[in-house]
1. Given the criterion part of a helix (DSSP H, G or I), free of Cβ contacts under 8 Å to residues at least 12 places away in the same chain and within 22 Å of Asp113 (Cα to Cα), identify the matching residue among Ser244, Ser259, Ser227.
2. Checking the structure you have, find out if any residue of segment 23-37 is within 30 Å of Asn254 (Cα to Cα), of a type in the set (Lys, Arg) and either in the same structural domain as Lys436 (by TED's automatic domain parsing) or modelled with pLDDT under 90 (or both).
3. How about segment 300-323: which of its residues are assigned to a helix (DSSP H, G or I), buried (at least 16 other Cβ atoms within 10 Å of the Cβ) and of a type outside the set (Lys, Arg)?
4. Just to check your reading of the model, which residue among Ser48, Ser107, Ser74, Ser102 is of a type in the set (Gly, Ala, Ser), at negative phi and outside any helix (DSSP H, G or I)?
5. If you scan segment 401-424, which residues turn out to be within 10 Å of Tyr482 (Cβ to Cβ) and hydrophobic (A, V, I, L, M, F, W, C)?
6. Given the residues Thr453, Thr440, Thr434, which is the only one that is in contact (Cβ under 8 Å) with a residue 12 or more places away in the chain, of a type in the set (Val, Ile, Thr) and touching a strand residue (DSSP E or B) at 6+ places or on another chain (Cβ under 6 Å)?
7. Is at least one residue of segment 114-133 touching a residue at least 60 places away in the same chain (Cβ under 8 Å) and within 50 Å of the chain's Cα centre (by Cα)?
8. Considering only segment 428-435, I want to know if a residue exists there that is in contact with a Pro (Cβ under 8 Å, 6 or more places away or on another chain), over 30 Å from Tyr482 (Cβ atoms) and not assigned by TED's automatic domain parsing to the domain that holds Val269.
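The values are calculated or read from the model by the stated rules, or taken from the named source; none is laboratory data. Computed from a predicted model, the values in this text were never measured in an experiment. Neighbour counts run over all protein chains shown; Cβ positions are idealised from the backbone, glycine included.
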Amino acid sequence: MAKKSSSKKPAAKKPAKPSLDTRIQTDAALRKRVLANPGLRSKLSLGSLQKYAPQQAKARALRIRLDAPITPGSTTTERDLAHEAQAAQTVRYAPQERDLTSQIGRSENVERDTGTFYDQYQQQLQTHAANIAAYNAGAQQALAQTAQGITGIGQQAAVQMQQGANQQAAQQGVAQAGDLSQLANQATAVRQGLMGTFQAQQAATGAASNAQASNFANVVAPTQKLSALAQARGRTQDVRQKLSDLKTEEGAFNQQYRSERRQDEFKNVLAAKTLDVNIASKTADAAANTPAAKAATTSATEEAKMAAKLGLTVHQYRMLGPKGRQAAIKKFNRKSGGGGSGAGDHYGFTDAQWDRMTPEQKRKAYKDWNAAGRAPKAGDEPGTATTNKKQFRDKYGVDLQPTSAHNSARDDAQNAQTAFGQVGKIVADPKDPTKKRRVTTDMVVSALRNEHTSNLWIRVGLEMARGGLTAGTANRIHKAGYSVSQLGLKMRGGARVKTGSRGDAS
């Protein structure tokens, strides 16, 4: 029973997956996980980061700013400049800053010790005032007791004087002596007056002493303390102001250093670019003045003249190939009355071109002529194109590729060899010209593949850049229908391949 043919519908194209910024807007769990993971967080745009994690956004913006070059084309970043400026600032201002900081410490110690000293000084003055007050009180008390004693002594002396006078009067036969109490009272009054005067004088002296001691302890000493503290604090403030002024000067120096460094770097980058242009110009001039370049220019001129003579453009003339050019020249010579071996009949090259060619170039022209399928003539080198193609087929089992294919393959191999010659060099990053990167083999291979260069010619270019073909690669070339000798490739070690009748590796 025959199976029914089933037609499959083409698979529908999957819709594009939303970006991470879009997904975290509606998925809170995903947003939390992304913000907590530095690797995932780095994939968010700066706008999303500013919305959901402002601190991380500030940190990223700072990193971006610090990673930026200080001037376009410079390898010095803002981070490098900040470190340079800080180092220069430290070298210039660190000694002054350390000295002022030390002065502030000493001034604060003096300020603290000043308060302690005046506290002890005031305490001693208060003790002295208390001692003077106690001394004056004791003196007044002693004087009061003395005054009382003087009164009692005067009364006792008056009684004794009266008794003595009475006894003396009795001895003299007088009935009784006169009354002496009034005289005694006067004497006592004089003594009491003198004592009172002395007490008053002592009280005045004591009051003055007490007032002076109290004034020193409670007025002078606190005032002196406040004045000394103000002076010490003023000295501290002066040093602090000096440090503040120094910080301001440091900031201005830092900004000036960065500005001058940017200007210098801009001049350096500009000078480097100018130097590169001059070197490239001189290199181009030198290359244009080499014998090979002059010969190429002359050859191109002769080629253009011949193309114009034949009524062709230079491109059309080149596209004819050696055989086509030879036929066109012969046809032109026959029409103009010349023979078949007239001017320019040198395997597709003009007389002027042929005269300037080296023997090696002439042999190559001859081989290219044979490879193009020219019929053999008497006197030619052994081996015709037909024989060579047959030998190549017999030897490698594939047909020999035409000359156009060999020319295209030679160009691919040379381009690959030149590209691999750049490995290890430092070049500008095409994604960010302000950054540099080192050329690697993988980068060259990727670039060649993007240019649609086949793996065979990539391998050939790599081996030629390393010194020559290996036997295995030469065999791959032959199996692909190409002649190693016709491609002009060398084997490892610099020697050419051993040749058969066509010069192909065996």
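1. Values: Ser244 fails: within 22 Å of Asp113 (Cα to Cα); Ser259 fails: within 22 Å of Asp113 (Cα to Cα).
Being part of a helix (DSSP H, G or I), free of Cβ contacts under 8 Å to residues at least 12 places away in the same chain and within 22 Å of Asp113 (Cα to Cα) holds for just one of Ser244, Ser259, Ser227, which is Ser227.
2. So in segment 23-37, the residues within 30 Å of Asn254 (Cα to Cα) come out as none.
No, segment 23-37 has no match at all.
3. To start, the set of residues in segment 300-323 that are assigned to a helix (DSSP H, G or I) comprises 300-309, 314-319, 321-323.
Right, trim to buried (at least 16 other Cβ atoms within 10 Å of the Cβ) and you get 302-303, 306-307, 309, 317, 321-323.
Glu302, Glu303, Met306, Ala307, Tyr317, Gly321, Pro322, listed by residue number.
4. Values: Ser48 fails: outside any helix (DSSP H, G or I); Ser107 fails: outside any helix (DSSP H, G or I); Ser102 fails: outside any helix (DSSP H, G or I).
None of the others qualify; the one that does is Ser74.
5. Ala405, Ala409, Ala413
6. Details: Thr453 fails: touching a strand residue (DSSP E or B) at 6+ places or on another chain (Cβ under 6 Å); Thr440 fails: touching a strand residue (DSSP E or B) at 6+ places or on another chain (Cβ under 6 Å).
None of the others qualify; the one that does is Thr434.
7. Within segment 114-133, one or more residues are touching a residue at least 60 places away in the same chain (Cβ under 8 Å) and within 50 Å of the chain's Cα centre (by Cα).
8. Here is the first cut: in segment 428-435, the ones in contact with a Pro (Cβ under 8 Å, 6 or more places away or on another chain) are 434.
Filter again for over 30 Å from Tyr482 (Cβ atoms), leaving 434.
Keeping just the survivors that are not assigned by TED's automatic domain parsing to the domain that holds Val269 gives 434.
Scanning segment 428-435, I find at least one residue that is in contact with a Pro (Cβ under 8 Å, 6 or more places away or on another chain), over 30 Å from Tyr482 (Cβ atoms) and not assigned by TED's automatic domain parsing to the domain that holds Val269, so the answer is yes.
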